[in-house]
Every structure is written in C-alpha cells, then in structure tokens.
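To start, the structure itself, in structure tokens.
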Amino acid sequence: MQEIISDVEQWRERGDQVALATVTWTSGSTPRAIGAKMAVNSRGEFVGSVSGGCVEGAVIDEARQVIKTGKPKLVNYGISDDMAWDVGLACGGSIRVFIEKL
Amino acid sequence: MSDFANRLTENLRAEKIFAVATCIGGNENVGAHLFIYPDGSNENTLGDAALDARVIADARELLANERSETRAYDDAQVFIETYAPPPRLIIFGGVHTAIPLTHYAKILDFRVTIVDGRSHFVTPKRFPHADELIVEWPDDAVPHLAIDASTYVVILTHDPKFDIPALKALSTTKPRYIGAMGSRETRRQHMQELRAQGVSDEFLQSVYGPVGLDLGGRSPEEMALAIMAQIIAVRYRHDGGHLMHVADE
C-alpha cells in the first residue's frame, strides 16, 4: 500500500486523476486476497495488482471510466461471469473489485 | 487530492492501525467512507448514523483481529478494511548477510532497523534501504527499540560477545520471532551460557537457530532468503514446505 500511495501522490502532483481498485470479496482459489489494491491514472498507467494479471487489463478500462464519470463501481470477475473467456480468473475463483475515484 | 485520499495518506504515514469502511453497494451512498480507530473514535460517515454505529462496532472487532471483510447491513454492502502498520525487522549485526536481508525485507514492506556496536558496519553506504541505522551495543539498544508482537528480530553477529548480551536483553521482550545465526554447536553453547545467566528455557526454545528454512544455499544472499522465508512462514504460521506436498485445505 505504501508503494501505491507514493506513486499516487506523484501522479496527483503532476495533475493526473486517479482511481483506486480494491478486492472486496473473494471466493475459491484466487491469486490475491481481500484488500489487494491497484491504482490507475487517467493516462492508463497503473501500480499494484488485484489478480495475477488476469483481470488487470479490464480493471484499467473500468478505472478510466470511473475517473471520467466520478461514479464508483463494483465489478465481478470469475469463471461464472459472462465475460469469463475475456477476463475470467484462470484459477477458477471469483473476485469483486470496488473501483473509486480518489 | 480528495479529503478521503488525504486522510488515508495521513493515516498510513502515521503507521498506526485503523480501519476504513466503504459503502460499496445497495444504497445511494455508494462511495461514502468512514474511518474507524481501535478506541472506537471515527471520522466521516456512511450517510446514516444508525448504520455508522453498527459498522463501528463490527470494525472494532475486525481491527482487533487485523481482518478485512465485506458485510451486509440490510440493503447496504459495506467493505471494512483494516490497515495494519508494516511489520518491523530488527537485525543485530551489519554483516554481509544483513545487506540482502534488508533488500528482501524492504520488498516485503517491512520497516528495517540495523543495530551494531561497530560503526563501520552500519554505514548508509552499506545499507541505503534501511529505515534506521543504530550504532549501539545490543543490550543498550534493546530497551528503546519498542519491540512488540509485530517485530521480527534476527541476530547475525555470530560472535558470543554480541550474541549472548543480545539474546539476554531480548529475553525480557516479546517479539513475534527471534532468529539467531550459528551452527547447532553454537546454539548449544549459547543456550548453556544463557541458562547459567538465568534465562528461561521457554525463551531459549523459542529462538530459531540455526536460523532459516532448509533451502540448501550457502551464500549470504541465499542465507538471507532462507531467513526471510522463515520469517514469512512464521508470520502466517506455516511450516514452509513445498506447496505440492501440502494436503488440500
């Protein structure tokens, strides 16, 4: 978290807008535990992670939307998801990620 | 930055435990935050005093166990997250192995303190990543190191004139882990001497020595990895074997 915060502060200082994504719920085998975090800026740069790389791309897209609209969002990722082929978790677990603008 | 981001940053910098409750679904206050501290004091609101009160009670329980969880309150879904301060690693002996050990510990988000009575061993040039360098004898340093249950201690001096006073001073503290470099024979001699000085068997048994998991490496870097791996295993109360040999939970 400390490392994410120092990057976020640098981004804010240079005028970027930032969204924070947090794993708020997990089920089954998941690569990262509850509380795992990733920050995304308006340029699409990111720091931290919410999975083992499986859903980060999708989270970046969602986070840029959240930065635009200012509206927080809770997103599900998992094998049972309709988008499983695109952004599912290979390990078979499910996660919920809350994405909010800082 | 937003008020929330500012307060979060300030609290993280203070390195004291706190919790943040975030409304993540179910009502019009999604995105609202409530900060909760171990004594029950709090800042901000989830938008409803009755909901705040229920969340604060639950957050205090989660804080006590250093846990984070999403909980449902009628229609509202609230994520309560505990932010625990980073663990500390105190290394006695600014020897070669302490250098890679400091690197590993910093990557793992530990706060690292190096203590050595020999000033040329603890220079910022040798330990650019350490949080704190203390030139002091171990028994003088221990009383003011504020060793607690989130402190991990490793003794690398590997010399009875430093090891014995360090272990004796540490025997009155309660860190999460103590590891001491040295062979089985060294350990036997240390134990004998410390027992003679009145240190309890219970404490002596709790010291990990020879230090580290059995990874087989002999270089200082490999030994540092074995020590760091042991600290993580102790932190999560695991044995440190191969995952493929662990039975399904």
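Looking at the stretch B:169-190 only, could you name the residues that are under 24 Å from B:Pro87 (Cβ atoms) and among the basic types (Lys, Arg)?
Across the stretch B:169-190, the qualifying residues are B:Lys174, B:Arg176.
Of all residues in the stretch B:67-86, which are among the hydrophobic types (A, V, I, L, M, F, W, C) and either under 28 Å from B:Ile231 (Cα atoms) or within 10 Å of chain A (Cβ to nearest Cβ) (or both)?
B:Val78, B:Phe79, B:Ile80, B:Ala84
Considering every residue within the stretch B:197-204, establish whether at least one is among the polar types (S, T, N, Q) and more than 20 Å from B:Pro100 (Cβ to Cβ).
yes
Within the stretch A:38-45, does at least one residue satisfy the condition of being farther than 16 Å from A:Glu100 by Cα and surrounded by 19 or more Cβ atoms within 10 Å (Cβ to Cβ)?
The answer is no, given that none of the residues of the stretch A:38-45 is farther than 16 Å from A:Glu100 by Cα and surrounded by 19 or more Cβ atoms within 10 Å (Cβ to Cβ).
Report yes if B:Thr82 is surrounded by fewer than 18 Cβ atoms within 10 Å (Cβ to Cβ) and in contact with an Asp or Glu (Cβ under 6 Å, 6 or more places away or on another chain), otherwise no.
Against the criterion (surrounded by fewer than 18 Cβ atoms within 10 Å (Cβ to Cβ) and in contact with an Asp or Glu (Cβ under 6 Å, 6 or more places away or on another chain)), B:Thr82 does not qualify.
Would you tally the residues in the stretch B:49-98 being within 30 Å of B:Pro124 (Cβ to Cβ) and not in a loop (DSSP other than H, G, I, E, B)?
Within the stretch B:49-98, residues that are within 30 Å of B:Pro124 (Cβ to Cβ) and not in a loop (DSSP other than H, G, I, E, B) number 7.
Evaluate the following for B:Lys174: is it among the basic types (Lys, Arg), in a loop (DSSP other than H, G, I, E, B) and in the same structural domain as B:His144 (by TED's automatic domain parsing)?
yes
Looking at (1) surrounded by 15 or more Cβ atoms within 10 Å (Cβ to Cβ); (2) at pLDDT below 95, find the lone condition where B:Leu243 falls short.
It fails just one condition, (1).
Identify the single condition in (1) free of Cβ contacts under 8 Å to residues at least 24 places away in the same chain; (2) closer than 18 Å to B:Arg71 by Cβ that B:Asn6 does not satisfy, given that it satisfies every other one.
(2)
Residues to consider are B:Ala130, B:Ala105, B:Ala149; find the one that is farther than 18 Å from B:Val211 by Cα, buried (at least 21 other Cβ atoms within 10 Å of the Cβ) and among the small types (Gly, Ala, Ser).
B:Ala130 is the lone residue from the list that is farther than 18 Å from B:Val211 by Cα, buried (at least 21 other Cβ atoms within 10 Å of the Cβ) and among the small types (Gly, Ala, Ser).
Quick grid of which residues meet (1) outside any loop (DSSP other than H, G, I, E, B); (2) in contact with a Leu (Cβ under 7 Å, 6 or more places away or on another chain):
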| position | (1), (2) |
| --- | --- |
| B:Ile114 | yes, yes |
| B:His120 | yes, no |
| B:Arg126 | no, no |
| B:His129 | no, no |
| B:Leu133 | yes, no |
| B:Asp148 | no, no |
| B:Tyr152 | yes, yes |
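Condition first: under 17 Å from B:Ser2 (Cβ atoms) and either facing chain B (nearest Cβ under 10 Å) or over 17 Å from the mean Cα position of the chain (by Cα) (or both). Now tell me which residues in the stretch A:17-28 satisfy that.
A:Val18, A:Leu20, A:Thr22 - these are the residues of the stretch A:17-28 that are under 17 Å from B:Ser2 (Cβ atoms) and either facing chain B (nearest Cβ under 10 Å) or over 17 Å from the mean Cα position of the chain (by Cα) (or both).
For A:Ile5, are the conditions met, namely being within 12 Å of chain B (Cβ to nearest Cβ) and modelled with pLDDT of 90 or more?
The answer is no for A:Ile5.
Which one of B:Ala64, B:Ala21 is more than 10 Å from chain A (Cβ to nearest Cβ), at pLDDT 90 or above and at negative phi?
B:Ala21
Tell me which residues, restricted to the stretch A:29-65, are in a loop (DSSP other than H, G, I, E, B), touching a Ser or Thr at 6+ places or on another chain (Cβ under 9 Å) and within 12 Å of chain B (Cβ to nearest Cβ).
Correct list: A:Ala33, A:Ile34, A:Gly35, A:Ala36.
The values are calculated or read from the model by the stated rules, or taken from the named source; none is laboratory data. Note that this is a predicted model, so its numbers are computed, not measured. Reconstructed Cβ throughout: ideal geometry from the backbone, glycine too, with neighbour counts over all protein chains shown.
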